[in-house]
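One structure is given here, and the rest of the page talks about it.
The values are calculated or read from the model by the stated rules, or taken from the named source; none is laboratory data. All values reported here derive from a predicted model rather than from experimental measurement. Backbone-built Cβ (ideal geometry, glycine too); neighbour counts: all protein chains shown. Accessible surface is based on the protein model in full, side chains and every heavy atom, while ligands, DNA and RNA are left aside. Shrake-Rupley method; radii C 1.70, N 1.55, O 1.52, S 1.80 Å.
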Amino acid sequence: MFSSIAPLARHNPFYAPHFQLVQDGVRKRPAEPAEALTTRRGLAAASADEEYSCAYGSNRFFVLCGLGGIISCGTTHTALVPLDLVKCRMQVDPQKYKSIFNGFSVTINEDGVRGLAKGWAPTFIGYSMQGLCKFGFYEVFKILYGNMLGEENAYLWRTSLYLAASASAEFFADIALAPMEAAKVRIQTQPGYANTLRQALPKMFAEEGIWAFYKGVAPLWMRQIPYTMMKFACFERTVEALYKYVVPKPRSECTKGEQLVVTFVAGYIAGVFCAIVSHPADSVVSVLNKEKGSSASQVLMRLGFKGVWKGLFARIIMIGTLTALQWFIYDSVKVYFRLPRPPPPEMPESLKKKLGLTE
């Protein structure tokens, strides 16, 4: 039994560094030379005029990555507002909105087709700001933490690097998102409260002050930080695994279109795990922003284990599609602006020599 489990464990993209090294050593796959991080950036800068529009890690690089985050997150979340609206209503009123299809039917019967678009403005603004911080700061923190670890440790502990960089980025992204998320949930889940963002914002401020916009930031961190850590770490390692075990040729020989297909597939796989990990906190956020005077712990206790999983299927569909499209759009923006897109990480030559893996 253990002999059949071992090969499967080796193919796990989150496999431990020590065993990954042994695997690389046994397979001895031909790899392109991996220079130090500083050398790689120097090469990127040297070739900027020939191939890239900017150097890897430059200010222009970070700004354009942030722009890619705005486009990918703002547009995709706005496009899925109807599904998000039904999902939120299933979470806060499961007796009335019993399923996805029932939720759509009830919403259309009560508010018409236009009712499905409720909350589109705060969704677009909020998630555009979140995307700016999420993707832009992720690139910043990934380079920053990578430099702190050094080339060899950055390779050995790359999954931890992705987790730390994405968590740091999402911390700031949620602060940018919280006010619009609070307004969106009020509009979508409280009939008669407000129909537009212009109506919701002054009403919320008059009732609860500035706290109305940020009382949900802690539950947002609970929901979004695990979600984003899974989103980025799972995506990065899945891309690495796809090129290693599935794609029949090296990434350097794939066309830009083929690379974007790999991006989409890896993004969808990551999205399914993201939805499952973050759904309980998402349920708490939805209920918390609907009710006045409740705390996250009170809402969690009242919902119970079963209650926090309401609407999970809708969220898996939404987040899987959302995550795949976001990575596809983000990578497409990088291609369009000719930004450096480093290949999946390879073991540094210096580490191969230390481990005796070079002849």
For region 133-152, does any single residue satisfy the condition of being more than 22 Å from LEU288 (Cβ to Cβ) and modelled with pLDDT under 90? no
Between residues in region 183-199 that are within 21 Å of PRO94 (Cα to Cα) and charged (D, E, K, R) and residues that are crowded, with 22+ Cβ neighbours inside 10 Å and at pLDDT 85 or above, which pairs lie under 7 Å by C-beta distance while being six or more apart or on different chains? LYS184/GLY119; LYS184/PRO122; LYS184/THR123; LYS184/GLY126; ARG186/ALA200
With the structure loaded, tell me whether LEU242 is part of a helix (DSSP H, G or I), open to solvent by 70 Å² or more (accessible area, probe 1.4 Å), in contact with a helix residue (DSSP H, G or I) (Cβ under 7 Å, 6 or more places away or on another chain) and without any contact (Cβ under 8 Å) to a residue 40 or more places away in the chain or whether it fails that test. no
Here are some residues: CYS234, CYS254. Which one is modelled with pLDDT of 90 or more and either in contact with a Gly (Cβ under 8 Å, 6 or more places away or on another chain) or crowded, with 21+ Cβ neighbours inside 10 Å (or both)? CYS234
Candidate set from region 317-336 (those that are out of contact with any Gly (no Cβ under 8 Å at 6 or more places or on another chain) and over 16 Å from GLN259 (Cα atoms)); member that is least open to solvent (accessible area, probe 1.4 Å): MET318
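What do you reckon, is LEU21 at pLDDT below 50, within 25 Å of LYS231 (Cβ to Cβ) and over 24 Å from the mean Cα position of the chain (by Cα)?
no
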Could you go through region 341-351 and let me know if any residue there is open to solvent by 60 Å² or more (accessible area, probe 1.4 Å), modelled with pLDDT of 80 or more, more than 26 Å from LEU132 (Cβ to Cβ) and assigned to a helix (DSSP H, G or I). yes
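Suppose we keep only residues that are assigned to a helix (DSSP H, G or I) and free of Cβ contacts under 8 Å to residues at least 40 places away in the same chain within region 92-102. Which one would you say is most open to solvent (accessible area, probe 1.4 Å)?
That would be PHE101.
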Please specify each residue of region 222-231 satisfying the condition of being open to solvent by 30 Å² or more (accessible area, probe 1.4 Å) and over 18 Å from GLY69 (Cα atoms). MET222, PRO226
Evaluation of GLY257 against (1) over 24 Å from ILE319 (Cβ atoms); (2) touching a helix residue (DSSP H, G or I) at 6+ places or on another chain (Cβ under 9 Å); (3) assigned to a helix (DSSP H, G or I); (4) without any contact (Cβ under 8 Å) to a residue 60 or more places away in the chain (one fails), failing number: (2)
Considering every residue within region 132-140, establish whether at least one is under 30 Å from LEU303 (Cα atoms) and in contact with a Gly (Cβ under 8 Å, 6 or more places away or on another chain). yes
Within the bounds of region 150-164, is there any residue that is open to solvent by 30 Å² or more (accessible area, probe 1.4 Å), under 24 Å from GLY320 (Cβ atoms), of a type outside the set (D, E, K, R) and touching a Ser or Thr at 6+ places or on another chain (Cβ under 9 Å)? no
How many residues, within region 264-299, are modelled with pLDDT of 90 or more and open to solvent by 10 Å² or more (accessible area, probe 1.4 Å)? 4
Every pair of residues 6+ apart whose Cβ atoms lie under 6 Å, when the first sits in region 118-142 and is farther than 20 Å from ALA233 by Cα while the second is among the β-branched types (Val, Ile, Thr) and open to solvent by 30 Å² or more (accessible area, probe 1.4 Å): TRP120/THR78; THR123/THR78; PHE124/THR78; SER128/ILE70
